[in-house]
Structure formats: structure tokens, C-alpha cells
Amino acid sequence: MIAAMANLLNYDICDIELTDVRNNTELRMLLTETTSKSIIVIEDIDYSLDLSGQRIKKEEKHPYTDMIMNVAPLIRTGRMDKHVEMSYCSFEGFKVLTKNYLEVEAHPTFDLIQQLIEEINITHADVAEKLMPKTAAKDADVCLSNMIRALDEVKDDEKRKEVAKA
């Protein structure tokens, strides 16, 4: 996702892992070496400091701190320079991903998949995950069957959410 944004904006990517930064001077040096057109990715920001300001050792890390619930404070005004709204995957996007991952341009399951994609919201990343064969033995038929199953699950989840709202 970050690489796609950087390519689109013609930006560089600077990836900083805070657990490897020894002090503020080293961090400042790393940041001043970046260009003005850079996306700065800070890894382990939630692991590096606790609320008292003390550095946390890697073995003390909590494995569940990257949950989606922690995103809201990060996207408030002033915390990000650009907020990128990503669209959901359309059938045309699905066909591009299918060609890229499975080298398939047409398949008997495409009509059903098109119908399902038009009824639900699913991201390109979720589609790509289902289309990536986990082993060499898994062919396009297996991956597309997994795709249909995943789309059905998303559709069922969306229906449950609508019923819960009512």
C-alpha cells in the first residue's frame, strides 16, 4: 500500500524502525536526510515507548497493540500529511488482479464473481489475498473458488450488520 502511494505521488520511502534507533540525535539525523517528497514509515512506534517515556525492550512488546482500534488517534488532524481514500474493488479491478496473479483473463466463475462484487464492498488487498496461490499445486480453479467463498462471507457479514442496525 505504501509503495503504491509512493509510486502514484512520485515520492521516496523512508522506513525507520524505532527499536533500532539509539537516541534522538540518530533519529533527527535520519529524518533530516530524507527529501521533502518522502513518505516516512515509522515501524514499532507503539512498541518503542511506554506512557512514562521509557524505552520498552523487544521482549516486553505486547503482540496486540497494532489493532485497528488504535488507528483513530493516528489519523486526527495534524498527524498525517495526506489522507488517502481508497475505493473498493470493482469487477474490472478484479479482472486485472486475476490476470496478474493467476494469468487468467476469462473463467466460467466470472459471472457469479461479478454479481457478488457488485453487491458488496471488498478491498483490492482482500481480493489479491484470495487470488494468491498458497502452493504451486493450487490452480486458478481453487483460487477462484476461494474467492467466491470469501465474497459470500462478506455478503453474509454485511447482511448481519444491516439486520443488527434495524
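Read-outs: derived from the displayed coordinates by stated rules, not from any lab. Please read all numbers here as calculations on a predicted model, not as lab measurements. Heads up, the Cβs are rebuilt from the backbone with ideal geometry, glycines too, and the neighbour counts pull from every protein chain shown.
Database remark: amide H of Ile13 closer than 5 angstrom to the amide H of Ile39 (H placed geometrically; neighbours at sequence offset of 5 or more, or on other chains; Pro and chain starts carry no H). Residues His107, His124 in ascending order of nearby Cβ atoms (within 10 Å, fewest first): His107, His124. Of the GluC sites (Glu not before Pro) found in the range 86-130, the ones in coil according to DSSP and having at most 11 other Cβ atoms within 10 Å of their Cβ are Glu103, Glu105.
Annotation for the range 1-33: GluC sites (Glu not before Pro) lying in DSSP loop with at most 13 further Cβ atoms inside 10 Å of their Cβ are Glu33. Ordering Lys95, Lys37, Lys165 from the fewest to the most neighbouring beta carbons within 10 Å gives Lys165, Lys37, Lys95. Note on the range 91-165: Cα convex hull, mean projected area over all directions, 4.9 nm².
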